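See below for the structure under consideration.
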Number of protein chains: 2
Amino acid sequence: MEQTLDLVNNAAGRRVPTLVNGRQSVPFMGVGQYKPSGLKAAPPVKSCSDYPLSGDKVQPSLKAALEKCGLKDGMTISSHHHFRNGDLVMNQVFDLAADLGVKDLVWFPSAAFPCHEPLIEHLESGVIHHIEGSLNGPLGRYASEGKMKKGLAVLRSHGGRWQAVQDGEVHIDIAVIAAPTADSFGNATGDRGPSACGLLGFGLVDSLYADHVIVVTDNLVPFPCVPWQIQGNNVDYVVVLDKVGEADKIISGTTRLTKSPDRLYIAELTANFVKAAGILQDGFSFQAGAGGTALAFAIYLKKLMLEAGIKARFIRGGSTKYLVEMLEEGLTDYILDGQTFDLEGVRSMRENPGHVNTSPFTSYNWHGKGNFAGLLDVVVLGATEVDVNFNANVVTHSDGMMLHGIGGWQNCLFSKCTILPIPAFRNRVPIIVDEVTTLVGPGELIDVIVTERGIAVNPARQDLLDATRNSGLPIRKITEIKAEVDELVGGAPQKPRFSDDIIGVVKWVDGTVLDSIFKVKT
Amino acid sequence: MEQTLDLVNNAAGRRVPTLVNGRQSVPFMGVGQYKPSGLKAAPPVKSCSDYPLSGDKVQPSLKAALEKCGLKDGMTISSHHHFRNGDLVMNQVFDLAADLGVKDLVWFPSAAFPCHEPLIEHLESGVIHHIEGSLNGPLGRYASEGKMKKGLAVLRSHGGRWQAVQDGEVHIDIAVIAAPTADSFGNATGDRGPSACGLLGFGLVDSLYADHVIVVTDNLVPFPCVPWQIQGNNVDYVVVLDKVGEADKIISGTTRLTKSPDRLYIAELTANFVKAAGILQDGFSFQAGAGGTALAFAIYLKKLMLEAGIKARFIRGGSTKYLVEMLEEGLTDYILDGQTFDLEGVRSMRENPGHVNTSPFTSYNWHGKGNFAGLLDVVVLGATEVDVNFNANVVTHSDGMMLHGIGGWQNCLFSKCTILPIPAFRNRVPIIVDEVTTLVGPGELIDVIVTERGIAVNPARQDLLDATRNSGLPIRKITEIKAEVDELVGGAPQKPRFSDDIIGVVKWVDGTVLDSIFKVKT
């Protein structure tokens, strides 16, 4: 955003604006310090007399449905990212908006992917005012270069997105929910159909709170579509397209096991740490992402579980074939899944009652009566940078470019033990730094960093230090590891150069502003 | 209520108050005529920082949980009726309220049963101000005799109860949700445990909108309780009691097949009518209640389906072993269930993914974006009286006593064909009358009356008259059947004598006031 915003120092000592896309925002006050007040957002009361009694809400085209919703200048259009890089719907939506002469729309996706690069054209022409959400890849680079001039990128965790809609911070005018299978009433599921993506939990809050909801499918089945991950009673219109997603791109490209000896070593160290710390007990729970190292961790952990005859009560997904195997082999009672990363995850979700559909509400929403994240015994996550106080970054790279979303990362930090297994370098750039480029996770919530050069335990976790003291594991001070790495690469690297222009903000799980993302000087 | 209320004539020509328990109310305006406005009710925003991060919300006692909720004079306490006449929780709640010296509580159950007769004591002492809900049996008689002096009974359908909470007409301070199985986080299910009742859908709206939610269980399981029919993220406290329900009374006593030759004949006529009307087609759907005649209808219908090689797409429950058999024999793809009436229903709900948990939101709420009721091809319901214009009554008896709740009855009237199979007499009292004692269902929505003396088709349904003209079925004018019956019993019977005091109102599905219930002169 080219305008200069008034900045204040928040409780983490980061400079943040108090006005974000025209809304007054609360600077981060410390973990658990912000007390919300007031009532949840409330959608308008509807009446069955305004909907076909036959239940048939099918419209002849996506354009017709958008027009029926009263699409007009300035509206906020939302979508979910369960199709990941295979989404075929949202570019069409904004092309149609352009055809209809509509301007200044806000796109509020749960995440944007490289397939959405064509939307840059609509940002340039003014059809899209700005994108309020996590911007991966080309759109992130576009924003980082200061080109998304009319609004800030607002990066929220999955739980934070639910919180923002639930609390009325973001009002959705039209939710477009692409669904692999649906009926004409609007009941929809992600676990079957040619574009099956497993579940639709990232679109659930949109269906509950948006003024207008359009379900778009390429697989219309007779009522009832069971399960109804999205309830037709919240849906206004149904649209049938030839194809809503490219199946081979829906499945995440990241679910490939690492072959790097360093990363395999890090994964094994992580599993061994979990065991040494006493976490590996009957009925325990864990979550690991779909990155190569996390997958390798799960495989090492499984080996340790088999050796010790230990069974988990639940595993939190993103699910992969590795987790599905553990469920089917009886190594866990449940997978509580937020998104499926491969076809085995989709199949298991469809077939196995122990593979449970969750949403950001159950798992992550900070403004609920608790959430599942705190119940996890251990979570294994990634990071682009970590500082010597265990603060971590997942959204910007060392060159300052905003290239990743937050996902569930912030939400997971509330588990009983948060471990970041990360390489000490990436492309000869040290990962442990004096100060993270962007603060996404406060160090007080990050317990352990595992690198190929040793394991650093947060001094605040004396219990973990005590438990692992005589384990034979290479437990070291984080400053020691950093010094060794810096020396190897010939000193800490040059920082990226930023202008004073803010191009985005990082929200904390409670809706407060944790950090700002600045335009990169190129 | 002893006070005399101002009455107006509504669109059905019934005298109704405009003030109901202190709230301005809209008189019935005609089916589909009332247009709601405004926003749905919104519960307060909560924060995880006010809940234990471990997820353990268990309180040492029900009393402790009520105190933590800030129980105080004038609050509204809600509960569901899935335990039917076996509920062991709600009498305890009000006994505790009495111990705590609290007064003027409003009880807002989804239905009251004879087991709740002890609450009369709390009505007398002022602990309970009034009961706002369907009052069956002793409590209904108590109210009909004008003894519930401080407030009106407000009779709502299952869908109407959801609408009333959703629209903010009834604000629940504390929801007490008895659950056959739960975890310490508050996730709860009805489909397993020693007090298994199948599902908890009638308590779902309470969990979503109440300020405070207490889950009470006698079967605490380790997190996660799967399925979570009630989401722990909406729950404040969990209480463990020795026993929450008497299993043998949880199962409905009404699910006994009729042995009356007249009723069996009526059931068979009804099934034959459905076939003759052309409704019995592959992929059709039906709903029949758990009364003896309705059960017999389902069995006759099954026979016709087998003969014709026809399969249903879905059956709406209340489920019974008869419907479960049809599901398991492949005669329907799905049972969409709102409550289980026997243990086979509970088992099937637990085991069969085709036996689907529904709620009043999906099935019945008129103030949603459609509901499932209109998608049903045919529904078979009971009635205490029907008039010559097909208006029907289900809440008062011919003696004027309010003895039944509405249940889903009103909501079901929106199916494509509504049939009431009823005996022409009960205890020598004719069921077809000139004017119903209490109007619960407008005649324009009731298509067919089936008696042992013939079938009356609503003249508005010329299509049904045409389809069945040459069927050989005894199709007759409703006035003819009435005249014949009246002559047999020696003239239309004397009407009950009412005072001018209103003791309750019947709400229509849209929240408007359809009729008043007057105090019976005794």
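Values in this text are rule-based calculations from the coordinates and carry no lab data. Everything numeric in this text was worked out from a predicted model, so none of it was measured. Heads up, the Cβs are rebuilt from the backbone with ideal geometry, glycines too, and the neighbour counts pull from every protein chain shown.
Annotations
- Nonlocal amide H pairs with B:V433, under 5 Å, H built at 1.01 Å: B:V386, B:D387, B:V388
- Separation between Cα centres of segment A:108-131 and segment B:302-370, rounded to whole Å: 45
- Across segment B:232-240, computed HN-Hα scalar couplings (Karplus, 6.51 cos²θ - 1.76 cosθ + 1.60, θ = phi - 60°) run x, 5, 9, 10, 8, 9, 10, 10, 10 Hz from first to last residue, x flagging Gly and Pro.
- Qualifying trypsin sites (Lys or Arg not before Pro) in segment B:223-291, where qualification requires a DSSP coil assignment and no more than 13 other C-beta atoms within 10 Å, comprise B:K243, B:R256, B:K259.
- Note, ³J(HN,Hα) from phi for segment A:18-29, Karplus 6.51, -1.76, 1.60, rounded to Hz, x at Gly and Pro: 9, 10, 10, 6, x, 9, 4, 10, 8, x, 3, 10
- Bridge orientation summary for the protein assembly as shown: considering DSSP beta bridges with both residues in this region, about 35 percent are antiparallel.
- Calculated label separations, A:N9, copies of the chain, 7 Å along the beta-carbon direction, nm: 7.7
- For the B-to-A rotation axis, chain B residue with nearest beta carbon and its distance in angstrom: B:A42, 2
- What separates the B:S125 label point from its copies, with the point 7 Å along Cα to Cβ, is 7.3 nm, written shortest first.
- For chain B, share of DSSP beta bridges that run antiparallel, in % to the nearest 5: 30
- For segment A:112-157, the list of GluC sites (Glu not before Pro) that fall in a loop by DSSP and count at most 15 other C-beta atoms within 10 angstrom reads A:E145.
- Multiplying the residue separation of A:L465 and A:L241 by 0.36 nm and removing their Cα-Cα distance gives an extension gain of 75.0 nm.
- For segment B:485-499 versus segment B:1-72, the gap between their alpha-carbon centres in whole angstrom: 39
- Efficiency of FRET between B:S499 and B:K477 - r from beta-carbon atoms, R0 35 angstrom, step 0.05: 0.50
- Label-zone membership for segment A:53-80, site A:K150, 7 angstrom Cα→C-beta point, backbone N under 19 Å: A:67, A:70-79
- Residues whose amide H falls under 5 Å from that of B:F414, counting only those 5 or more places apart or on a different chain, are absent, with hydrogens built in the peptide plane.
- By other beta-carbon atoms within 10 Å, ranking B:E487, B:E435 with the fewest at the front produces B:E487, B:E435.
- In this label model, B:D434 and B:K521 are separated by 1.7 nm, measuring between points 7 Å along each Cα→Cβ vector.
- Across A:K35/A:K321; B:K46/B:K147; A:K416/B:K40; A:K72/B:K35; B:K40/B:K147; A:K147/A:K495, pairs whose alpha-carbon gap is larger than 30 Å: A:K35/A:K321; B:K46/B:K147; A:K416/B:K40; B:K40/B:K147
- Here the contact order of segment A:261-496, divided by its residue count and restricted to Cα pairs under 8 Å and six or more residues apart, works out to 18 percent.
- Segment A:416-478 and segment A:197-257 have Cα centres lying 39 Å from one another.
- Derived scalar couplings between HN and Hα for segment B:99-111 equal 4, 7, x, 8, 10, 6, 6, 9, 9, 10, x, 6, 5 Hz in order, rounded to whole Hz, by the Karplus curve 6.51 cos²θ - 1.76 cosθ + 1.60 (θ = phi - 60°), x for Gly and Pro.
- Sparse-neighbour loop sites [GluC sites (Glu not before Pro); segment B:285-387; at most 13 other C-beta within 10 Å; DSSP]: B:E329
- Share, in percent, of DSSP beta bridges within segment A:261-496 that are antiparallel, nearest 5: 30
- Gain on full stretching of the segment that runs from B:L304 to B:K103 - 0.36 nm per residue minus C-alpha separation: 66.7 nm
- Chain B, helix-only ellipticity at 222 nm - DSSP H runs n ≥ 4, -39,500 (n - 2.57), divided by all residues, nearest 500: -6500 deg cm²/dmol
- Between the amide H of B:G318 and those of B:G338, B:Q339, distances stay under 5 Å, these residues lying 5 or more places away or on another chain, with hydrogens modeled in the peptide plane.
- Placing a label point 7 Å from Cα along the Cα-to-Cβ direction at A:S471 gives distances to the equivalent points in the other copies of 7.4 nm, listed shortest first.
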